[in-house]
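Here the structure comes first, spelled out in structure tokens, and everything after it is commentary.
The values are calculated or read from the model by the stated rules, or taken from the named source; none is laboratory data. Since this is a predicted model, take the numbers as computed values, not measurements. Note that each Cβ is placed from the backbone with ideal geometry, even for glycine, and that neighbours are counted across all protein chains shown. Heavy atoms of the whole protein, side chains included, go into the accessibility calculation; ligands, DNA and RNA do not. Shrake-Rupley method; radii C 1.70, N 1.55, O 1.52, S 1.80 Å.
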Amino acid sequence: MLRTHTCGELRESDAGKTITLCGWLDTLRVAGKISFMLLRDRNGITQVFLDKALTEQAQHWKKESVVLVEGLVNKRPENQVKKEMATGAIELGATRIELVNAAETPLPIEVQEETTTQIDKRLDYRFLDMRRDKVKNIFKIRSKIYSTTVQFFDQEEFVAIQTPKLTASGVESGAEEFKIPYFGKMASLAQSPQVYKQMFVVSGLEKVYEIAPIFRAEKSHTTRHLTEFIGIDFEMGFIKDEQDVMDLIEKYVKFLLTHMKESCKAELTELGVTIEVPKEIPRLSLIEMRKWLKEKGKIIPEDEDLDAEGEKLIGEYVKERYNSDFVFMLDYPWAKRPFYHMRPDNNKNITKSFDLLYKGVEIGTGAQREHRLDVLEVQCAEKDIDFKKMAFYRDIFRYGCPPHGGVGLGLDRITQQMLNLENVREAILLPRDPERLTP
Ligand code: AMO
């Protein structure tokens, strides 16, 4: 390796060692004939002292160039440590410096913690934007959400599946498909692994999950919609009803948040985020909540979904009433749910489905699925869907299909809501929306 240590890992106990660091030139402060360089890498910032000769060598080096420094680790004087805690209790007295790769000037965006650069410009240069700790921390945390999720499903003995993203057509009502030419036919980019996750429950795997891209040709310009996002989908067989699915989601949420609090302490503190693990996630009926919303002056018609404002109001309500950041909303109208959701026997206007809201934003949708072929065919007919055209999906209900259910969660929205980010684009490396196809 080019370096013997990284900036963040050096401690007072390293004083007296001769080491090599390599990172980005954050700042060069010339003070007369000597200078102080702040060198940055993924772990932090170290102050490097340059004597007269080295200052002459470095004085025209540009910010964000890659620089190598050899030197002796020194303990910093007490008074300096207090003034500049960010760079720690040690500094490096350079004996040799090398410009490994020069950065061009001017930089296209500001590379500093407090920036005035607008999000669109920042996204154009995401790799430079990420040299800021604020941004880097978001993606360290997102990575941990991902690995903790894998750990949870592994522990629960779910089997990870990877299903095709090039498909014949989707099954999500209301979710637009991206059509692409495919050897003389048209294909769709998968708008959900719905069909496949059900298929592999029925295959005998019983409990499956997938964390993978999902594509939606939605021309939405909101702070929560992307055209490509990462879905965390799971599906499980032999359930009694949709409550079993919610039980597992609740267990997942508690596991995830507890782990995040422990494993991302430093990053969460730097971002000023406090995570609260819910004791219990309330399960409220949309039918009941509509009445409450009406009292607040917010009308949601019986056959309508909650809109963003309705979700926000309910988020505030559960925070105040149950001290919970999460809520399951139940009993969504049949008119707004896809044909594969099961309906209760005593009310055909609603579905055995739910949404999971986190701080007033939907982060998941799930349901018990209709597994009885004759009922499913009736439901297709009601939604004007020709089930015969989905022959391979129909087949999975023909040869022994257990009662089953599952959920689709959005990794990007979970990250957004956990970190109180205004826009989901802050939570994904390279967002895709109706305007953005690069970088
Ligand atoms: P749904 O369409 O509600 O359900 O999607 C599930 C979850 O995916 C996330 N999500 C999005 N995230 C960012 N941008 C978007 N455009 C977007 N659309 C959805 C949300 C949402 O809650 N097959 C069902 C799931 C199931 O029943 O298992 C489905 O896809 O977090």
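Observations, loosely collected:
- Test: residue in region 115-124 that is closer than 20 Å to T269 by Cβ, under 18 Å from the mean Cα position of the chain (by Cα) and modelled with pLDDT of 95 or more: no
- Residues located in region 222-252, provided they are open to solvent by 30 Å² or more (accessible area, probe 1.4 Å) and away from the ligand (no atom under 11 Å from the Cβ): F238, K240, D241, Q243, D244, D247, K251
- Condition check for N74: more than 28 Å from N137 (Cβ to Cβ) and either touching a helix residue (DSSP H, G or I) at 6+ places or on another chain (Cβ under 9 Å) or open to solvent by 50 Å² or more (accessible area, probe 1.4 Å) (or both): yes
- Cβ-Cβ contacts under 6 Å between residues 6 or more apart (or on different chains), taken from a first residue in region 204-221 that is at pLDDT 95 or above to a second residue that is among the charged types (D, E, K, R) and part of a strand (DSSP E or B), are listed as V208/E235; E210/D233; P213/E228; F215/E228.
- Residues of region 364-414 classified as surrounded by fewer than 19 Cβ atoms within 10 Å (Cβ to Cβ) and touching a Pro at 6+ places or on another chain (Cβ under 6 Å), total: 0
- Test: E280 is touching a residue at least 24 places away in the same chain (Cβ under 8 Å), out of contact with any Cys (no Cβ under 7 Å at 6 or more places or on another chain), open to solvent by 50 Å² or more (accessible area, probe 1.4 Å) and not in a helix (DSSP H, G or I): yes
- When the residues of region 200-210 are filtered to those that are more than 12 Å from the ligand (Cβ to nearest atom) and buried (at least 20 other Cβ atoms within 10 Å of the Cβ), the one that is farthest from I119 (Cα to Cα) is V202.
- Residue check for D129: under 24 Å from the mean Cα position of the chain (by Cα) and open to solvent by 30 Å² or more (accessible area, probe 1.4 Å): no
- Among the residues of region 338-362, just one is among the small types (G, A, S) and free of Cβ contacts under 8 Å to residues at least 60 places away in the same chain, namely G360.
- Meets criteria (modelled with pLDDT of 95 or more, of a type outside the set (S, T, Y), more than 13 Å from the ligand (Cβ to nearest atom) and on the phi < 0 side of the Ramachandran plot) for L419: yes
- Residue selection: G400 satisfies the criterion of being within 30 Å of H371 (Cβ to Cβ), away from the ligand (no atom under 13 Å from the Cβ) and among the small types (G, A, S).
- Test: residue in region 27-34 that is closer than 29 Å to K134 by Cα and open to solvent by less than 10 Å² (accessible area, probe 1.4 Å): no
- Selection status of M390, at pLDDT below 95 and either within 29 Å of the chain's Cα centre (by Cα) or within 15 Å of the ligand (Cβ to nearest atom) (or both): yes
- The one condition in (1) farther than 25 Å from F234 by Cβ; (2) under 14 Å from the mean Cα position of the chain (by Cα); (3) away from the ligand (no atom under 14 Å from the Cβ) that L437 fails to fulfil: (2)
- Here V318 clears all of (1) more than 16 Å from the ligand (Cβ to nearest atom); (2) surrounded by fewer than 19 Cβ atoms within 10 Å (Cβ to Cβ) except the condition numbered (2).
- Per-region count, region 154-185, residues under 20 Å from L437 (Cβ atoms) and open to solvent by 60 Å² or more (accessible area, probe 1.4 Å): 6
- Considering residues of region 283-329 that are among the aromatic types (F, W, Y) and assigned to a helix (DSSP H, G or I) only, the residue farthest from M260 (Cα to Cα): W292
- Filtered residue count, region 339-378, keeping only those that are over 30 Å from L421 (Cα atoms) and in a loop (DSSP other than H, G, I, E, B): 15
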